[in-house]
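The values are calculated or read from the model by the stated rules, or taken from the named source; none is laboratory data. Everything numeric in this text was worked out from a predicted model, so none of it was measured. Note: ideal-geometry Cβ built from the backbone for every residue, glycine included; neighbour counts use all protein chains shown.
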Amino acid sequence: MKNNSPTEAGQTNLRQSKGSTQAKAKVNNGTPQIDAINQVFALFKLNYHNQFYKAFSNNTELNSVKRLWLETLGRFSPEELLRGAKSVIEQSEYLPTLKTMIQHCDAQNNSGLPDVHSAYIEACSAPSPKVQHRWRHPAVYYAGKTCDWYFLQSNSEYIAFPIFKREYELICQKVVAGLELKMPIPEQIEEKPLPPLSKEENSRHLKSLRKSLKL
């Protein structure tokens, strides 16, 4: 997913109505949603320490943003809010905007998409033929197929994961937006084990993938 600037969350979300007395009452009621929002911001504070303090320089600003998030994210359960926050932390090195948080919570709520690292592990470890594997979500299959199965299995996570992450997140964005993915009907054995590539062949293959994905 597209990264946002470190201070975008604070700049975007400070447009909170001063007359929102209902939201102020909610913040003080201690509901499960309020507890979840407080936990979400505690996670962000821990993981985006410098960005967090730059975006929210005082408690007044932070509480205003929390009230806005509480109103906007009210349709999500506390569990979905926390899973969404953890998904953000895993997939982005930048403090999220409210829009980004909504997208991650929507993914937890509707699509059944696994987090990006779990998807990567499944793509690397799924047996052949891949099309016959019982995938947690078709998005994992299509991301793995685009990246090339052998490339994922024969390279270290340091090399392969960033490429898989980029492709998987692009597919996830389309799924969250409403794309319905279905597994292809297996007609024949899709893949056969191949002999290992040489170091030079592997390097050429990696360069080709990066060029095709514009990395």
Number of the condition not met by Ser154 [criteria: (1) in contact with a Leu (Cβ under 7 Å, 6 or more places away or on another chain); (2) buried (at least 19 other Cβ atoms within 10 Å of the Cβ)]: (2)
Close pairs from segment 120-141: first part of a helix (DSSP H, G or I), partner acidic (Asp, Glu) and surrounded by 14 or more Cβ atoms within 10 Å (Cβ to Cβ), Cβ under 7 Å, at least 6 apart: Lys130/Glu190; Val131/Glu190; Val140/Glu122
Exclusive hit being at pLDDT 95 or above and assigned by TED's automatic domain parsing to the domain that holds Lys86, set Phe44, Phe56: Phe44
Any hit, segment 40-57, residues being part of a helix (DSSP H, G or I), in contact with a Lys or Arg (Cβ under 8 Å, 6 or more places away or on another chain) and closer than 20 Å to His117 by Cβ: yes
Among residues of segment 59-73, those that are in a loop (DSSP other than H, G, I, E, B) and of a type in the set (S, T, N, Q), counted: 0
Subset of segment 152-180 [farther than 20 Å from Gly84 by Cβ and either at pLDDT below 90 or of a type outside the set (A, V, I, L, M, F, W, C) (or both)]: Gln153, Ser154, Asn155, Ser156, Glu157, Tyr158, Pro162, Arg166, Glu167, Glu180
The one condition in (1) surrounded by fewer than 21 Cβ atoms within 10 Å (Cβ to Cβ); (2) outside the structural domain of Lys182 (by TED's automatic domain parsing); (3) not β-branched (Val, Ile, Thr) that Leu81 fails to fulfil: (1)
Residues of segment 58-78 that turn out to be buried (at least 17 other Cβ atoms within 10 Å of the Cβ) and closer than 22 Å to Gly112 by Cβ, as a count: 2
